[in-house]
Amino acid sequence: MAMFVEGELGDIIISVIFLALIFSYPTFSNFFLYLGVVIISFLFHELAHRYVARKFNCLSFYKMWPQGILIGMLLAFISGGKFLFAAPGAVMIYPYRFGRWKYKSPHLSSREMGIIAFAGPAVNLFFAIFFRIPIFEWGFFSYLSSINAWLALFNLLPIPPLDGSKIITWKPWFWIVLIVVAGLLFF
């Protein structure tokens, strides 16, 4: 399978730029700082979903959601940068398994969907914890830790199509642990 499907890299680049704009609003003075943070946080979150889905033999690729970018920009503008909405797109997953008569049958169990959904917030939680190590307590790394905690918390909300809705279906107790950890890291 190709590294990126047609149009996927462009969707990722546009999403990353707009997320950096949303996070740096209203002054944009920290745009390049947030660009670096978003490249690490958001990109690895989405690539983790894609990687795990491909391990389950699914076709998976990132698809931009222009409405999500517009909503994010409008909410940042209306709230003066106090309320952030980060849903510029998502990894589309198309499960195909060869069935008994060699036809492709789409199916993922709640376990498989939960594991795929967990991959993104797991990356964010790892970065949020790792970059809180005392040697990283300055500037860029501080932003990296807090943005990753926020992205994990946001994505763990149990609202479809966010990751939390799939994880809570798979293992409710595991979702509770994750949301508590993300909340503690964020607040």
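The values are calculated or read from the model by the stated rules, or taken from the named source; none is laboratory data. Quick caveat, the model's predicted, so the values are computed rather than measured. Quick reminder, even Gly has a Cβ in these numbers, built from the backbone with ideal geometry, and neighbours come from all protein chains shown. For accessibility, only protein heavy atoms count, side chains too; no ligands or nucleic acids. Shrake-Rupley method; radii C 1.70, N 1.55, O 1.52, S 1.80 Å.
For Y62, what residues show an amide H to amide H distance below 5 Å, using hydrogens built from the backbone and excluding near sequence neighbours?
M92
Taking every Cα atom in the chain, find the radius of gyration and the maximum pairwise distance Dmax, and write them in Å.
Expressed in Å, the Cα Rg and Dmax of the chain come to 17.0, 59.
Considering only protein heavy atoms, what per residue accessible area in square angstrom results for the chain with a 1.4 angstrom probe? Don't jump to the answer; show the numbers that get you there.
Values: 10300 Å² over 187 residues.
Heavy-atom SASA per residue in the chain reads 55 Å².
Taking the square root of 5 times each eigenvalue of the Cα gyration tensor, what semi-axes in Å does the equivalent ellipsoid of region 103-187 have, largest first?
Working: eigenvalues 160, 33, 18 Å².
So the equivalent ellipsoid measures 28, 13, 9 Å along its semi-axes.
Under 13 Å Cα-Cα from K166, which aspartates and glutamates qualify once same-chain neighbours fewer than 8 residues away are excluded?
Of all the aspartates and glutamates, those that pass the test against K166 - Cα under 13 Å, at least 8 places apart if same chain - are E112.
Which log10 I(q)/I(0) values, to two decimals, does region 44-150 give at q = 0.10, 0.13, 0.19, 0.23 Å⁻¹ under the Debye formula with one point per Cα?
For region 44-150 at q = 0.10, 0.13, 0.19, 0.23 Å⁻¹, log10 I(q)/I(0) is -0.42, -0.65, -1.03, -1.17.
In whole angstrom, note down how far apart the Cα centers of region 3-68 and region 103-165 are.
13 Å
Would you look at the GNM of the chain, springs on alpha carbons closer than 10 Å, and say which of A152, A76, A53 moves the most?
Of the options given, A76 has the highest mean-square fluctuation.
Please report the carbon-and-sulfur percent of the accessible area for the chain; probe 1.4 Å, protein heavy atoms only, DNA, RNA and ligands left out.
Accessible surface attributable to carbon and sulfur in the chain totals 73 percent.
Counting only other residues whose beta carbon sits under 13 Å from that of A90, what net charge do I get with K and R as +1, D and E as -1? Show your work: numbers first, answer last.
Numbers: positive: R50, K63, K166; negative: E8, D11, E46, D163.
Here the charged neighbours net out to -1.
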